[in-house]
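Report on the structure given below.
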Amino acid sequence: METALKFLNDREIKMTDEIDYAQYLINNHPDHFFYIDQCPFSAGVKHGQFELVYREAQRTKFGKRKYDLDELKFINILSTLWLYSDVFVSSDIGERKNVKQEISKDQRTIYERLYRDIKWHEITEIDKLGDMELLIQLAVRNSAGVEFYFEAYDLFIVNSWSCFMIYFNDLKKLDTVEKIINTHGLFLRRLEPKV
């Protein structure tokens with residue numbers, strides 16, 4: 001999506017649409033690449049059993065309740081970062097089908113406006129908390145691909161299954177962001193070590 005390419009190219013990390021930017025960053029800048037996750041370390045096969053995927057979690061009351069709590073943690077973290085930074089996004093929200101089924105009725109007005117405002121390959125500033133919360137929710141649920149750029153922190157965040165990948169251009173911001181993440185009950189996890 002457009003935000004990733006602009007963010008990386010502006011930092012002289014030359015990218016094109018043909019390159020998987022996440023894999024490129026993992027391979028070439030691993031010390032700047034992290035996950036916002038429920039676990040402090042990857043636990044191999046067991047890690048997959050611990051992760052909650054939105055559609056699977058909806059099958060039981062306990063699964064839904066646990067998922068809703070974890071989803072709220074991601075919303076609170078990214079919304080807190082949003083509070084102190086201009087945030088720019090790109091999303092494939094316009095390319096996804098059945099997104100309305102994934103959100104509550106009171107969010108549909110916000111969704112319809114975002115659907116009109118965020119067009120494929122366009123970067124949009126998010127200045128309303130409700131917009132930010134809905135985009136995070138759609139990202140956590142994998143109902144839409146969303147790329148977030150937080151200008152004040154010079155970091156890039158993108159959804160990845162049940163977590164978010166985060167790239168710090170400026171590692172001086174790492175401690176502040178990690179405190180925000182930990183305060184809300186999640187972890188800033190490096191690629192390694194694997195337990």
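The values are calculated or read from the model by the stated rules, or taken from the named source; none is laboratory data. Note that the structure is predicted; figures quoted are calculated from it, not measured. All Cβ positions, glycine included, derive from the backbone under ideal geometry; neighbour counts span all protein chains shown.
Contact map, the stretch 67-92: residues that are small (Gly, Ala, Ser) paired with residues that are surrounded by fewer than 15 Cβ atoms within 10 Å (Cβ to Cβ), Cβ distance under 6 Å, separation 6+ or inter-chain. Pairs shown: 85/151; 85/152.
Here residue 175 clears all of (1) out of contact with any helix residue (DSSP H, G or I) (no Cβ under 6 Å at 6 or more places or on another chain); (2) free of Cβ contacts under 8 Å to residues at least 40 places away in the same chain; (3) under 21 Å from residue 108 (Cα atoms) except the condition numbered (3). Take the conditions (1) modelled with pLDDT under 75; (2) within 24 Å of residue 182 (Cα to Cα); residue 77 misses just one of them, which is (1). For residue 37, are the conditions met, namely being modelled with pLDDT of 85 or more, of a type in the set (D, E, K, R), out of contact with any Asp or Glu (no Cβ under 6 Å at 6 or more places or on another chain) and surrounded by 18 or more Cβ atoms within 10 Å (Cβ to Cβ)? Considered against the rule, which asks whether it is modelled with pLDDT of 85 or more, of a type in the set (D, E, K, R), out of contact with any Asp or Glu (no Cβ under 6 Å at 6 or more places or on another chain) and surrounded by 18 or more Cβ atoms within 10 Å (Cβ to Cβ), residue 37 comes out as yes. In the stretch 95-151, the residue that is farthest from the chain's Cα centre (by Cα) out of those that are at pLDDT 90 or above and small (Gly, Ala, Ser) is 130.
Annotation: of all residues in the stretch 100-140 being over 29 Å from residue 152 (Cβ atoms) and touching a helix residue (DSSP H, G or I) at 6+ places or on another chain (Cβ under 8 Å), the one that is surrounded by the most Cβ atoms within 10 Å (Cβ to Cβ) is 102.
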